[in-house]
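K.L.:
Submitted below is the structure of interest, expressed as structure tokens.
Derivation of every value follows stated rules applied to the coordinates shown; laboratory data play no part. A quick note: this is a predicted structure, and the numbers were derived from the prediction, not measured. Backbone-built Cβ (ideal geometry, glycine too); neighbour counts: all protein chains shown.
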């Protein structure tokens, strides 16, 4: 936004705004802003169409499977779920097959019989699973 009666030149260089003119002449972006401007792409995905249950290493695992191309697998952290990747999945699914899963005992995946630990849960998720459609 240019202040009345003042000219300001603004150019974008690698997401950095370079401005000439007095500071009051250029509206600065909100430093606390997060995410894309406008509507986020994940809000327009019919997620239920991409949810699957797969048997991985003898246990049922809830996964979202979307896109085609080289496979990318997203694993959440402690106390997470596949939805932790909502902002990322649509972007990568443009030219990749994205598989994001709920590790055993997290999200919709049932609790395993053994105790949960990140080493056990994420050590080799689906190591004996063939990810086919």
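K.L.:
Could you give the radius of gyration (one decimal) and Dmax (whole number) of the Cα atoms in the stretch 42-122, in Å?
P.N.:
Both quantities, over Cα of the stretch 42-122: 12.6, 38 Å.
K.L.:
While we're here: Mind giving me the FRET efficiency for residue 73 and residue 39? R0 is 35 Å, r the Cβ-Cβ distance, nearest 0.05 is fine.
P.N.:
Approximately 0.85, to the nearest 0.05.
K.L.:
Highest mean first, how do 47-59, 86-98 rank when packing is the count of other Cβ atoms within 10 Å averaged over residues?
P.N.:
86-98, 47-59
K.L.:
For residue 95 and residue 55, compute 0.36 nm times the residue count separating them, minus their Cα-Cα distance, and round to one decimal in nm.
P.N.:
Working it through step by step, the gained length comes to 11.8 nm.
K.L.:
Give the relative contact order (percent, whole number) for the stretch 42-122; include only Cα pairs under 8 Å separated by 6+ residues.
P.N.:
It rounds to 31 percent for the stretch 42-122.
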